[in-house]
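The values are calculated or read from the model by the stated rules, or taken from the named source; none is laboratory data. Source: prediction; values computed, not measured. Here Cβ is always computed from backbone atoms with ideal geometry, including for glycine, and neighbour counts include all displayed protein chains.
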Amino acid sequence: MRLSRYFMPILKENPKEAEIVSHRLMLRAGMIRQQSQGIYSWLPLGKRVLDKVNAIIRDEQNRAGAIELSMPTLQSAELWQESGRYDAYGKEMLRIKDRQDRPMLYGPTNEEMVTDIFRSSVKSYKDLPLNLYHIQLKFRDEIRPRFGTMRSREFMMKDAYSFDLTREAAEHSYNKMFAAYLRTFDRLGLRAIPMRADTGPIGGKLSHEFIILADTGESEVFCHKDFVDFDIPGEHTDFDSVEGLQAIFDKWTSLYAATSEMHDEAAFNAVPEGDRLSARGIEVGHIFYFGTKYSEPMGAKVQGPDGKEHFVHMGSYGIGPTRLVPAIIEASHDDSGIIWPASVAPFDIVVINMKAGDQACDDTCELIYAALSKAGKDVLYDDTDDRAGTKFATADLIGVPVQIIAGPRAVANGEVEVKDRKTGARETMTIEAAINRFVA
Ligand code: ATP
Ligand code: MG
């Protein structure tokens, strides 16, 4: 991508409305724009990061055996009347009427709809287990939307829903998502700790919130500090192994970890003082097992091996991609801007032409840009006629992991400079060496 033809509206000034660093940096880097309170456009740079986050989420959902579909944002109120949640949900639900005066709503979550899909076609235990997910916008009319897309009214959620014949089978489905979440957050460059959580309006019995430790987090959390170094399940994890997944779950729940709603002071005080971590955190994922809470009122049942009908045991599993992007920034930035983990960086490499219009600089940059693009890298080429200082500041701000800098003096020697955004380390090398480093 040539920056001269791209749309990346950088802000020079610090936006006054932003209270936390991720919100400030997302606005300054031109990633998002607020359209009305708590409702955002994702501008091209932000959209790239969001897409990469979603690709990792999708990959790990698929690995764990979940199946993607897409459900609409607008739902009929009737479904929610069946479960009893239409009245129970309160003011966070955006209620709308269509031209026939039929009550509709903008979905805050999809338990009812997915249960309806399930009951319309699944009739036998032989079709279980089943886990259906989508990545879709949600709307919750939050009383206090704030911190940009960290807590917005319209936001994206990956929500998965599992269906099983028995409680035991449903716990295995729960453990699959539990392990998939550990892997997902790790691939996003984050350390998320599963904490015992309250089940809230979704209702249910077993629930964990995945929390990233950050000073600006809205949740108050308490946990054993060893979680920070626990091993993440590997990519060859066998998701069909009941014992294997139970062992992962048992390990990751063996030490104390709870949010303030579930906090047990006495149990926490039993943790040796030096091992206690009492901190603030950002909830990036939340999983629930809620048994037959929706299947009973909505009549979602299957025939079991005993020939009888059984209400299915369900769970739901949410991750917030539009919250994850700022959460990653909270965890990874410095005074100059964002430092993207390579897995979600909007571009892999930025090529900085320090003197656009200078033939040697232009030729060198074009050569590098073409070679790296051809090798499948996402390259941003800063070919604008801004001053070099402005270009450096922009490259640091948008946090692309590698900068290849071409200035007249180095180029005259057939060389460029390669800078690592995270460490700041710079290396001068031949043009060929710079290309080979990233093509290999
Ligand atoms: P919170 O406690 O932060 O309000 P929640 O518990 O209501 O969130 P869930 O119903 O558990 O949220 O939703 C699953 C995930 O969706 C959350 O873990 C979070 O990542 C994301 N999410 C929820 N509400 C928002 C929001 N207003 N803005 C952005 N992401 C959100
Ligand atoms: Mg939650």
* Asked: Counting only residues that are of a type in the set (S, T, N, Q) and in a helix (DSSP H, G or I), which one in segment 17-72 is nearest to the chain's Cα centre (by Cα)?
  -> Asn54
* Can you confirm whether segment 353-367 contains a residue that is outside any helix (DSSP H, G or I) and surrounded by 21 or more Cβ atoms within 10 Å (Cβ to Cβ)? => yes
* Asked: Across segment 254-270, what is the number of residues that are out of contact with any helix residue (DSSP H, G or I) (no Cβ under 9 Å at 6 or more places or on another chain), assigned to a loop (DSSP other than H, G, I, E, B) and surrounded by 12 or more Cβ atoms within 10 Å (Cβ to Cβ)?
  -> 3
* **Residue within segment 183-190 that is of a type in the set (A, V, I, L, M) and either modelled with pLDDT under 95 or within 16 Å of ligand 2 (Cβ to nearest atom) (or both) present** => no
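Residues checked against (1) among the charged types (D, E, K, R); (2) surrounded by fewer than 16 Cβ atoms within 10 Å (Cβ to Cβ); (3) in contact (Cβ under 8 Å) with a residue 12 or more places away in the chain:
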{"residue": "Lys97", "(1), (2), (3)": "yes, yes, no"}
{"residue": "Glu112", "(1), (2), (3)": "yes, no, yes"}
{"residue": "Lys123", "(1), (2), (3)": "yes, yes, yes"}
{"residue": "Phe139", "(1), (2), (3)": "no, no, yes"}
{"residue": "Arg144", "(1), (2), (3)": "yes, yes, no"}
{"residue": "Ala160", "(1), (2), (3)": "no, no, yes"}
{"residue": "Glu168", "(1), (2), (3)": "yes, yes, no"}
{"residue": "Ser173", "(1), (2), (3)": "no, no, yes"}
* Structure fact -> Only one of Asp275, Asp198, Asp264 is in the same structural domain as Arg140 (by TED's automatic domain parsing), of a type outside the set (Gly, Ala, Ser), within 16 Å of ligand 1 (Cβ to nearest atom) and over 29 Å from Ala342 (Cα atoms), namely Asp198
* Structure fact -> Those residues of segment 314-333 which are of a type in the set (Ser, Thr, Tyr) and within 16 Å of ligand 2 (Cβ to nearest atom) amount to Ser316, Tyr317, Thr322
* Of Leu190, Leu132, which residue is in a loop (DSSP other than H, G, I, E, B) and either away from ligand 1 (no atom under 11 Å from the Cβ) or more than 25 Å from Val325 (Cβ to Cβ) (or both)? -> Leu190
